[in-house]
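The values are calculated or read from the model by the stated rules, or taken from the named source; none is laboratory data. Since the model is a prediction, treat every value here as computed from it, not as a measurement. Cβ placement follows ideal geometry from the backbone for every residue including glycine, while neighbour counts extend to all protein chains displayed. Remember, those area values only see protein heavy atoms, side chains included, never the ligands or the DNA or RNA. Shrake-Rupley method; radii C 1.70, N 1.55, O 1.52, S 1.80 Å.
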Amino acid sequence: MSLKKIAPYLLSLIAMSSFARNAEETAPVIPLKIPLYLSGNFGELRSNHFHSGIDFKTQGRTGLPVYSFDEGWVSRIGVSAWGYGNVLYVSHPNGTTSVYAHLESFSPFIEEVVKKIQYKKETFTLDQHFKKGEIPVKRGQQIAKSGNSGSSGGPHVHFEIRDSESQDVIDPIYFFKDQIKDNRKPEIRAVRLYPLNGVVNGEQKSVTANMVKKENGNETLDKTFTAWGEIGLGIKAYDRMSETTNIYGVKRINLYLDDKLIFSTHNNRISFSETRYLNSLTDYADWKKNRSMVVKMFLEPGNLYSGYGKMVNRGVVKINEERVYKFRYELEDAHENKTVFKFNVTGVKQPVPAKEKGENPFRYDRKNSFKAENFEMTFPKGVFYTDVDFKYSATPSQKYYSDIHKVHENTTPLHSRCEMVIKLTNDTLPDKSKYYLGTLGKNSVSYVGAEYKNGAMHAKVRDFGTYVVTKDTTKPVITPFAPENWGKTGKLTFKISDAHSGIRDWRGEIDGEFALFEFDGKTAKLSYKIDTARIGKGKKHKLILTVIDNCGNEKKLERSFNW
């Protein structure tokens, strides 16, 4: 690995060593004062990205105090119905930033600042940056309460350590190893062989052998491998931790051939600009079809992910001798629990059929484009991880405002966005803003952002699939919850929904003034807790709630209530 690639990781180790002080009074503070268990670890394989931090369990509860990891200042605050939800970024003098996400609320000295900005901008959603000294934070000071906000799948605190300059994330586990019990080894579930330019078990398709236990308790594969030509290997594996039932990502995986290291992966530091390379590190087609994560232990030519270690010939193995090829996997977690598994591949000489070329061969290392009647698409250089035989078909439709465009296979990943233009075959709506581009599923159309121009929808897409142009002329739906109790509880709650293009924005006003309605994307609940500093008590108030969908359809609800 070049010095240029390894330097950021060395810097991260220096940053971490500056935290590792012996004096108890200056050591970093654990963000939660409860026994530490993880529901997710750093670098776990997620949909389209690596997990960028560690997830602390909060005993299935929300509202636990969250403490600042070290002294510093709040440098950024985010509020959103999705993603990180309520999130705090605390920058530290040593050049790192700690991140606390999915919070229920901020501590009062932070909450006051947040509310002031939200009311000034008249918006719930916030991504606000602050200068050093504006909101100082002491080491161990309570800064928030734990929650389940944003796209969280359950109560927990997502915690990150970032390089403040690059915003690369660094594995925080090393700060908490002594507080987290782990004496369990990683577990191998399956081994897979890919015929890259060869044959595996007599076929030109991948072959998977699952791990099974023998009568003596030892583990082995449920089938043997034979091969000839160029092959790649893959592995499905998870890590475990003591006293939990969760599964985690494996920290390090090494692959050996005849006792020689030929490929290795690690994840100590991740750049957000590289996180989508996960779709090349893993078997993307298997993930899309089966929600299964198999790590490919070979490097596709367009994969520039820096989280690889040593490799020989990009991990591609040439089986060109009639002998037994001895492979060995070594898996290790952050607590240095290690699993070793050996297996063989027998070289059996046989013809390797030439691969057929498609009608539209696209090269991974150059810009590509495709044009058909009523359809155009441009693929920038670097969007593919390997060469692709592009497939396309169109079917006329009476139901939609365009043909039904089947654009390649959704089992092929795209690294970045591509320009797509779809012409309308039935451009009859007077209001062009009511058209939208969507991906066609079994029973529905999922909204994709696009712009109407001269009889066509122009979009930037990052997934293959089946695309159509349809319409949304239906207003969103606003459903009040127990309005007769608003005056008693001091809280106004609604459910808002949209059957087609989805909710884009909302605005609440009480007595003609902006009211801060908070939206929970998971439950579709919109709520307002009456602010006694802004809303007078002992009289009737007028509420106006406006909800707008992504095609500009607007629903307005007006209602009076006593408070």
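Rounded to the nearest 10 degrees, the inclination of helix 108-121 to the longest alpha-carbon principal axis of the chain is 80 degrees.
Computed over neighbours whose Cβ is under 15 Å from that of Val294, the net charge equals +4, Lys and Arg +1, Asp and Glu -1. The share of accessible area on region 27-125 that comes from carbon and sulfur is 54 percent, using a 1.4 angstrom probe. Lys-Lys pairs in region 481-546 that are eight or more residues apart or on separate chains and whose Cα atoms lie under 17 Å of each other come to 18. First check a/c for the chain, with a ≥ b ≥ c the square roots of the eigenvalues of its C-alpha gyration tensor; if it is under 1.5, answer rounded, and if not, answer prolate when a/b is larger than b/c or oblate otherwise. It is oblate, given that a/c is not under 1.5 and a/b is not larger than b/c.
With each label modelled as a point 7 angstrom along the Cα→C-beta vector, the Thr532-Phe272 pair spans 3.9 nm. Please grab the % of Cα pairs in region 185-243 that end up more than 15 Å from each other. In whole percent, the share of Cα-Cα pairs in region 185-243 beyond 15 Å is 55. For the pair Ile117 and Lys177, label points projected 7 Å from Cα toward Cβ lie 3.6 nm apart. Take the Cα of Lys223, step 7 Å toward its Cβ, do the same at Glu203, and the gap between the two points is 0.6 nm. Across the chain, C-alpha contacts under 8 Å between residues 6 or more apart give a mean separation that, scaled by the residue count, equals a relative contact order of 10 percent.
With all protein chains in place and a 1.4 Å probe, the accessible surface of region 271-372 carries 46 percent carbon and sulfur.
Calculated [222 nm] ellipticity per residue, helices only, for the chain: -2500 deg cm²/dmol; basis is -39500 (n - 2.57) per DSSP H run with n ≥ 4, divided by all residues, nearest 500.
Relative to the longest principal axis of the Cα atoms of the chain, helix 3-19 runs at roughly 50 degrees. Positive contributions from Lys and Arg (+1) and negative ones from Asp and Glu (-1), summed over other residues with Cβ under 13 Å from the Cβ of Gly358, come out at -1. With θ taken as phi - 60° and the Karplus curve 6.51 cos²θ - 1.76 cosθ + 1.60 applied, the whole-hertz 3J(HN,Hα) list for region 282-293 is 9, 7, 4, 5, 5, 5, 5, 7, 10, 6, 10, 9 Hz, x standing for glycine and proline. Solvent exposure of Ser433, expressed as accessible area, is near 60 Å², computed with a probe of 1.4 Å over the protein chains only. Length gained on full extension, Gln141 to Val421, computed as 0.36 nm times the residue gap minus the Cα-Cα distance: 95.6 nm. Protein heavy-atom surface of region 440-557, 1.4 angstrom probe: 44% of the accessible area is carbon and sulfur, with nucleic acids and ligands not counted. Entry comment: accessible area of region 20-142 is 45 Å² per residue, from protein heavy atoms only and a probe of 1.4 Å.
The orientation-averaged projected area of the convex hull spanned by the Cα atoms of region 34-157 comes to 7.8 nm². The residues of region 265-350 present an accessible area of 43 Å² per residue when probed at 1.4 Å with all protein chains retained. Counting 0.36 nm for each residue step from His49 to Ile544 and taking away their Cα separation leaves a gain of 174.2 nm.
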